[in-house]
Amino acid sequence: MAKITYHITGMDCAEEVATLRAALKPNSGIQDLTFDVLNGMMTVQYDDAKTSPEEIASGIAKTGMRAQPRVEGGVAVRVQLNWWDSHGRAALTVASGALLLLGFLTHGAIAGFGEALHPSGKAPLPIAVMGLYAAALLAGAWFVLPKALYAVRTLRPDMNLLMVLAAAGACVIGEWMEGATVAFLFALSLLLESWSVGRARRAVGALLDLSPPKARVLREHKHAHDDHHHVHEDMIDVAAVPVGATVRVKPGERFPLDGKILKGETSVNEAPITGESIPVTKQPGSDVFAGTINGDGGVDFVSTKEATDTTLARIIKMVGEAQQHRAPSEQWVEKFARVYTPLVMVTALVVAVVPGLVGGNWDKWIYEALSLLVIACPCALVISTPVSIVAALTAAARNGVLVKGGLFMEKPARIRVLALDKTGTLTSGQPEVTQVFPLSGHTGEELLSIASAISSQSTHPLSQGVVRYAETRAPKIAAATDFRNLQGKGGTAVLNGERVWIGSHKHLEERGQETPAMHAQLEELSANGASVVVVGNEEHVCGYIALADTVRDESRTTIAALKRAGVEHVVMLTGDNAGTARNIAAQTGVDEFIAELLPEGKVAAIERLRDRYGPVAMIGDGVNDAPALARADLGIAMGAGGTDAAIETADIALMNDNLARVAWLFAHSRRTLGIIRANIILSLAVKAVFVVLTFAGHASLWGAIAADTGISLVVVANALRLLGDGSPSAHQG
C-alpha cells in the first residue's frame, strides 16, 4: 500500500468531493480516499501494483479540477500555486462583470437604454453587443464548463450543469444579456464560496504562524587553548531541533517547541493553545507549549517533543482531519441535492415542453423553465452547511476546544444528559485545607508549622496540601529530621529534638491517644467528605487538619449554564464515598450523583443513563476515564493540553481545565445547528416561492438570478458569524 496527498485546485465544497469520489471509483487500485476541504487536500491510499499517481491525477483532471502532489511516499513536496491557480477565478469573475456592463452600455449607446434593459425583440441585437455578452458568458462559465461537461458524460447532473443550461438556453431564445448575467452571478457566488472557505482556512492557517521557524539552541563548545566549556546560542530550524536539546527563550518571544523549564521563572500567555488569556506562572519543572508567548522572564527549557509532534502541531492536524468526519446536516444536504437536482431538471423540461404542446407560447414557457433552473439550483444549500461547520470548528479551535469533526460539532446540541467525573472536573483535583483544629494548648499557627515541617518530607497529596496552606499562614520553623514513612498511615520525624508524628484517624486509634470527643468529631468530618490528618507527639495530640478536594469556582455557574444550553440532567460520577459525593453535589447543583464507582462501574453507569435518558455525553480527564469516555455517545476530555491520551481518546478535547468552556461548547453547538437549520429553511423557502411564481407564469430570469445570488450571500454571511463566537471567562459559564 502506498499513500499520496494532493492539493486540489477547485475543490471548495461537498459537491466537488462527491464528484471526485465518483471519478476515482472505477480505479480498482484506490483503496481509500480522505478529504480536507478546508486546506484543499485529498489523500489517496492505493495499491501501487494496480495504479499510479499519474493515473490518479489523470482521473482528477477529467472532473475539471487539477491535482498537485503535496505528500508522496511520506516525503513532503512543496506545492507552488501559480498566479492563475490563486487569482484566476477572481480575474475571470471581474472580467465577466466588466464585459456584461460594457455590453449593456454599448447596447444603450446604439439602441437606447430602455431597449438595452428590456429588449422588445423588434430589432436584432447588434453583433458587437452580442459578442460582448458572449464573452461575458464565457468568462463567467470558464471554471464551470469542464465540470458541467463531466456531469453530462457521467450522467450525474449537478448545479454546474443547471447553470450552464440556464445561461445557454437564455442565449438560444435571444435573451443574451440575461444569459450573461446568469453566468456572471453564478461565477460571483462560486467566488464567494471560495472566499468563505478561504477565510476559515486563513483562520486555521494562522495557527501555523504561532510557532517561530527558528529556535535558539544552547550548545557547549570546548576551546582548543583551554579546558573551559563555553555555551553558545545557535539559531537553527525548529524542525532540526532534537528531543532533549536545551532551548533559550527571551522575554516576549514565542516558545518554538513543547518542553519543560530547566532554568528561570516567567509567566506565559497560553491563549493560543488553551484559549485562556490569563498568563500562567512557570518555574523549573513546568511544562511549556509551542506557540505560547513568554512574559517578562528569560528561561531555558529542554525540548520534549519534535516539531511535528507538539501539542500545537497535533491541534493543526486534528482541525484538518476534522473535515473528514462530516456532520449529519452535511450528509443530509448532499443526499437531498442528489435527488433534488435531477428532479428540478425534469420539472424544468416539463415546464418548457408541456404548455407549448397544448397551445402555449413556447418562448414564454422555455423562459419560465430557465428561470426555474436558476432559482432551483442548490448552490446556497450546498455552500451554507459546510461553511457553517468549518466556521464553527475554527472558532472552537481558536478558543482551546478541539472538536474532531462536524459530526461531533453537532452532537452537543442533541445531548440531553451529561455525566461528569468529580475529581479534576467539578473539583480542582487536589486536596486543600478547609479547617484547622488545634488542641492541647497549641495555636493554629503552631499546629500548621509542625504539620508542614513533617509533611514537607512526604509526596503524599494530603501532605502537599498541608504544605501549600501553611506556606502563607504559618511561620517557618526548623526543618524536621530523621523522617520515617509509615506505609498507609502517615509518618514521623524529629523536630527540635522531639519525636512528632502525623497520620490518619486509624493511626491515632492505633496509638491509643484518642478520646471519645475526638472520635466523634473526626467521624463527623469524614461523613461530610473531609480527609483528616492528625498531628501529635509522644505526650499528646497537637490537633488535626481537615482537607477536601475543593469545588472549582466556576462549577455551579457552569452547571446552571449547561441547563440553559439544553442539558436536562447532569450526573456526577465518582469513586469517592457517598458523604463526599453528596457534599460536592450540593455545592455544584448537579441533579444526581453515583458514588463509590470503580472505572468499570463508570462504564456501567453510562450504559444505565443511556437506557434511561438517551444519548449521553461524558466529561473526564481522558486518561483514568478513558473507558467511560469511549463508551459515551460523546466523550469530552478536560485539560488535554500536552496530554496525548486525552486528545486521542476523546471526541472533543478542552485544552485547559476550565469547566466554563463546556457550557460554551454546548451553547456554540446549539448556535451552529440553529444557523444550519435557518440557512436550509431560508434557502428552500425562497426556492419554493419562485417555483410557485414559475408555474403561475410570473417568474423572470432577473428575479431568479437576484434571489439565488442574494440567498447565497445571506446564508454564507450567516454561517461566517460563527467565526466570531467568543469564549467565556472562567467565572461566566
When both residues are 6+ apart or on different chains and their Cβ atoms are under 7 Å apart, which pairs have a first residue that lies in the range 369-391 and is outside any helix (DSSP H, G or I), and a second that is surrounded by 24 or more Cβ atoms within 10 Å (Cβ to Cβ) and modelled with pLDDT of 75 or more? Cys377/Leu162; Cys377/Met163
Residue hits (the range 176-190; among the small types (Gly, Ala, Ser) and farther than 18 Å from Pro126 by Cβ) are Ala183, Ala187, Ser189
For residues that are in contact with a helix residue (DSSP H, G or I) (Cβ under 9 Å, 6 or more places away or on another chain), closer than 15 Å to Ser458 by Cβ and among the β-branched types (Val, Ile, Thr), tally how many sit in the range 468-499. 1
Some residue of the range 478-496 being surrounded by 15 or more Cβ atoms within 10 Å (Cβ to Cβ) and among the basic types (Lys, Arg): yes
Restricting attention to the range 416-433, and to residues there that are farther than 22 Å from Gly601 by Cα and buried (at least 19 other Cβ atoms within 10 Å of the Cβ), which single residue is farthest from the chain's Cα centre (by Cα)? Val433
When you scan the range 169-182, do you find a residue that is within 16 Å of Glu16 (Cα to Cα) and crowded, with 24+ Cβ neighbours inside 10 Å, even just one? no
Can you name every residue in the range 96-133 that is surrounded by fewer than 17 Cβ atoms within 10 Å (Cβ to Cβ) and either closer than 30 Å to Ile60 by Cβ or touching a residue at least 40 places away in the same chain (Cβ under 8 Å) (or both)? Gly121
Does Ala215 satisfy the condition of being in contact with a helix residue (DSSP H, G or I) (Cβ under 8 Å, 6 or more places away or on another chain) and either modelled with pLDDT under 85 or of a type in the set (Gly, Ala, Ser) (or both)? yes
Of these, Val500, Val466, which one is over 52 Å from the mean Cα position of the chain (by Cα), surrounded by 15 or more Cβ atoms within 10 Å (Cβ to Cβ) and aliphatic (A, V, I, L, M)? Val500
Going through the range 545-570 one residue at a time, which ones are assigned to a helix (DSSP H, G or I) and among the aliphatic types (A, V, I, L, M)? Ile559, Ala560, Ala561, Leu562
Test of understanding: among Asp725, Asp657, which residue is within 30 Å of Pro412 (Cβ to Cβ) and in contact with a His (Cβ under 9 Å, 6 or more places away or on another chain)? Asp725
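Of the residues Thr574, Thr550, which is farther than 24 Å from Phe437 by Cα and either touching a residue at least 40 places away in the same chain (Cβ under 8 Å) or surrounded by fewer than 20 Cβ atoms within 10 Å (Cβ to Cβ) (or both)? Working first, answer last.
On the way: Thr550 fails: farther than 24 Å from Phe437 by Cα.
Of the residues listed, the single one that is farther than 24 Å from Phe437 by Cα and either touching a residue at least 40 places away in the same chain (Cβ under 8 Å) or surrounded by fewer than 20 Cβ atoms within 10 Å (Cβ to Cβ) (or both) is Thr574.
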Ala180 passes all but one of (1) part of a helix (DSSP H, G or I); (2) among the aliphatic types (A, V, I, L, M); (3) farther than 17 Å from Thr93 by Cα; which number fails? (3)
Residue check for Gly264: over 17 Å from Lys305 (Cβ atoms) and modelled with pLDDT of 85 or more: yes
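Assigned by TED's automatic domain parsing to the domain that holds Ala183 and either among the small types (Gly, Ala, Ser) or modelled with pLDDT under 80 (or both): which single residue out of Gly10, Gly97, Gly40, Gly29 fits that description?
Just a single option satisfies the conditions, and that option is Gly97.
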Asn679 is checked against (1) at pLDDT 85 or above; (2) buried (at least 22 other Cβ atoms within 10 Å of the Cβ); (3) more than 22 Å from Trp332 (Cβ to Cβ) and fails just one. What number does that condition carry? (3)
Note down all Cβ pairs under 7 Å where the first residue falls in the range 673-701 and is farther than 30 Å from Val354 by Cβ, the second is of a type in the set (Lys, Arg) and buried (at least 16 other Cβ atoms within 10 Å of the Cβ), and they're at least six residues apart or on different chains. none
Note on the range 280-297: residues of a type in the set (Ser, Thr, Tyr), surrounded by fewer than 18 Cβ atoms within 10 Å (Cβ to Cβ) and assigned to a loop (DSSP other than H, G, I, E, B) are Ser286
Take the residues in the range 17-39 that are touching a helix residue (DSSP H, G or I) at 6+ places or on another chain (Cβ under 8 Å) and of a type in the set (Gly, Ala, Ser); name whichever of them is farthest from Val144 (Cα to Cα). Gly29
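Residues are listed down the side, and each one gets a yes or a no for (1) among the aromatic types (Phe, Trp, Tyr); (2) more than 19 Å from Ala548 (Cβ to Cβ):
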| site | (1), (2) |
| --- | --- |
| Ser456 | no, yes |
| Gln464 | no, no |
| Tyr469 | yes, no |
| Phe483 | yes, yes |
Name every residue in the range 402-430 that is farther than 30 Å from Ala586 by Cα and aliphatic (A, V, I, L, M), in order of residue number. Leu402, Val403, Leu407, Met409
Count of residues meeting criterion [modelled with pLDDT under 80 and farther than 24 Å from Gly140 by Cβ] in the range 705-723: 0
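Would you list the helices (runs of 4 or more DSSP H) that sit entirely within the range 410-513 and hold 3 or more residues that are touching a residue at least 40 places away in the same chain (Cβ under 8 Å) and on the phi < 0 side of the Ramachandran plot?
Numbers: elements: 444-455, 461-471, 505-511.
Correct list: 444-455, 461-471.
The values are calculated or read from the model by the stated rules, or taken from the named source; none is laboratory data. As the structure is a prediction and not an experimental result, all values here were calculated from the model. Positions of Cβ are backbone-derived with ideal geometry, glycine not excepted, and every protein chain shown enters the neighbour counts.
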